[in-house]
Amino acid sequence: MRIAIVGGGLAGALLALRLSQLHRPLKLELFTGGDPGRGDVGQRDASAASGGMVRAFERDPGAAALAAESLAELRGSRRLREWSRFRESGAVYVTEPRTEVTRSLAVVEEVLPGSAERVGADRLARDHRLGGLPPGVTGIVEHGAGYISPDALRTAALGRLADSGVQIHPDRVTGVTGDPAVRLRDGVRHYEAVVVAAGAWTPCLLCDSGLPSGRLRVRQIQYTLCRGPLDGVRAFVEENSGLYGRPHGPGRFLLGLPSDRWDLAPDAVEPDRALADEVVALAGRIFGVAFAAERTVASFDCYRDPPGLELRPVEGGGGGLFTFTGGSGGAAKAVFAASRRAARSLLG
Ligand SMILES: Cc1cc2nc3c(=O)[nH]c(=O)nc-3n(C[C@H](O)[C@H](O)[C@H](O)COP(=O)(O)OP(=O)(O)OC[C@H]3O[C@@H](n4cnc5c(N)ncnc54)[C@H](O)[C@@H]3O)c2cc1C
């Protein structure tokens with residue numbers, strides 16, 4: 001079977017790795033669009049910019065299953081921990097009041113027993129410095145969570161693929177067809193399956209190929225690197241305000257808020273200064289200390305409603321053309337399990 005994957009970000013690289021590990025007679029080719037991470041498609045890709053927070057808890061039980069399986073695999077594999085530079089910081093997830101968390105917590109407990117506990121606002125304020133929260137919030141505290149470098153993980157996976165004989169082409173794919181085939185500057189190549197894992201470039205590539213982009217959209221993601229007089233902070237998401245963050249070395253933090261910039265071209269993304277100011281002010285109110293902004297990193301990801309990194313056939317793509325994207329700002333935490341499922345489903 002001949003398979004082409006378009007995109008050498010976290011999604012494309014891990015899917016290729018999974019396929020190469022399934023020990024089937026496969027001819028696998030990966031098109032990266034230049035030097036992965038800084039390809040000739042323009043902007044640095046999402047995997048190069050990502051904050052890489054990984055935890056098991058998600059509000060949606062299906063998403064929690066993917067995240068928990070991924071975290072379990074990461075924690076259980078020395079190679080993956082080294083490849084991804086895993087740092088165990090722990091994590092806290094604060095939900096909106098009266099959010100149902102029992103089913104997701106049960107999923108986490110099944111995969112990673114004893115790793116997560118439910119706490120109230122008092123413990124969130126006392127143990128995690130998360131103050132000023134509305135009454136009735138629930139906190140999920142995870143002990144084995146942390147963050148990875150998606151960039152380092154993708155680079156290690158691509159290195160392993162090259163060593164195992166997978167053809168990695170730096171070419172930029174200019175179009176895909178339902179034959180299925182990829183169009184390159186110097187001609188068309190045919191395969192039994194083509195998977196577009198081009199992240200935020202995916203909707204555009206499908207559109208330029210005359211194909212529907214489904215429910216895929218591009219959204220800006222940005223965070224600000226800050227200094228602040230705090231220690232012992234875990235990676236966190238605070239749903240009520242939207243603030244999220246993680247430690248970034250002693251006295252330094254990566255802090256962000258969801259962006260309202262949608263449907264932009266990846267190359268046109270630039271920092272939203274007002275949002276960066278809001279992040280610093282809000283973090284100051286929640287943690288009760290003053291933060292100083294150092295630098296804002298603006299990037300983007302491919303979103304989908306409902307979200308999730310998953311192999312999906314392209315409508316009108318003849319059955320052999322797929323996308324593997326739509327992680328919606330959360331693919332780093334799901335990629336191990338999602339790529340395993342996608343590889344199995346691709347090979348039937
Ligand atoms: C700022 C930021 C912070 C994040 N933080 C977290 C987090 O804390 N936790 C978490 O779980 N997730 C996080 N994410 C999300 C996660 O990192 C992304 O979902 C994931 O990295 C996306 O990987 P990807 O391979 O789909 O896309 P990308 O990394 O963008 O890769 C797409 C690749 O396709 C290539 N490409 C594009 N067009 C073509 C073409 N025509 N031909 C060939 N190649 C092409 C590009 O060069 C690129 O290398 C974050 C994302 C961002 C941007």
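The values are calculated or read from the model by the stated rules, or taken from the named source; none is laboratory data. For clarity, every value in this text was computed on a predicted model and none was experimentally measured. All Cβ positions, glycine included, derive from the backbone under ideal geometry; neighbour counts span all protein chains shown.
From (1) within 14 Å of the ligand (Cβ to nearest atom); (2) surrounded by 22 or more Cβ atoms within 10 Å (Cβ to Cβ); (3) within 18 Å of the chain's Cα centre (by Cα), pick out the condition that doesn't hold for residue 343.
Evaluating residue 343 over (1) within 14 Å of the ligand (Cβ to nearest atom); (2) surrounded by 22 or more Cβ atoms within 10 Å (Cβ to Cβ); (3) within 18 Å of the chain's Cα centre (by Cα) leaves (1) as the failure.
Of the residues that make up the range 32-51, is at least one near the ligand (Cβ under 8 Å from one of its atoms) and farther than 30 Å from residue 185 by Cβ?
Yes: the range 32-51 contains one or more residues that are near the ligand (Cβ under 8 Å from one of its atoms) and farther than 30 Å from residue 185 by Cβ.
Going by what's in this entry, would residue 95 be described as within 14 Å of the ligand (Cβ to nearest atom) and surrounded by 15 or more Cβ atoms within 10 Å (Cβ to Cβ)?
No, not satisfied.
Do the conditions hold for residue 199, that is, is it touching a Cys at 6+ places or on another chain (Cβ under 8 Å), small (Gly, Ala, Ser) and more than 21 Å from residue 276 (Cα to Cα)?
Criteria met by residue 199.
Here is a list: 260, 267, 301, 305. Which entry is charged (D, E, K, R), within 12 Å of the ligand (Cβ to nearest atom) and surrounded by fewer than 13 Cβ atoms within 10 Å (Cβ to Cβ)? Steps first, please.
On the way: 260 fails: within 12 Å of the ligand (Cβ to nearest atom); 301 fails: surrounded by fewer than 13 Cβ atoms within 10 Å (Cβ to Cβ); 305 fails: within 12 Å of the ligand (Cβ to nearest atom).
Residue meeting the stated conditions: 267.
Consider residue 214 carefully, then state whether it is within 30 Å of residue 51 (Cβ to Cβ), buried (at least 16 other Cβ atoms within 10 Å of the Cβ), at pLDDT below 95 and in contact with an Asp or Glu (Cβ under 8 Å, 6 or more places away or on another chain).
Yes: the conditions hold for residue 214.
Test residue 251 against the stated conditions and say whether it is under 20 Å from residue 331 (Cα atoms), touching an Asp or Glu at 6+ places or on another chain (Cβ under 9 Å), surrounded by fewer than 20 Cβ atoms within 10 Å (Cβ to Cβ) and of a type in the set (Gly, Ala, Ser).
no
Just name the residue that is farthest from residue 49 (Cα to Cα) out of those in the range 136-153 that are assigned to a loop (DSSP other than H, G, I, E, B) and either among the aromatic types (Phe, Trp, Tyr) or out of contact with any helix residue (DSSP H, G or I) (no Cβ under 7 Å at 6 or more places or on another chain) (or both).
The qualifying residue farthest from residue 49 (Cα to Cα) is 136.
Considering each of 194, 188 in turn, give the residue that is away from the ligand (no atom under 11 Å from the Cβ), of a type outside the set (D, E, K, R) and farther than 27 Å from residue 305 by Cβ.
188
Could you please tell me which pairs satisfy a Cβ distance under 7 Å, a separation of 6+ or placement on different chains, a first residue in the range 161-174 that is without any contact (Cβ under 8 Å) to a residue 12 or more places away in the chain, and a second residue that is within 15 Å of the ligand (Cβ to nearest atom)?
Note: pairs meeting the criteria are 162/168.
Just for strands (runs of 3 or more DSSP E) wholly inside the range 216-255: which have at least 1 residues that are of a type in the set (Lys, Arg)?
The qualifying strands (runs of 3 or more DSSP E) are 216-227, 244-247.
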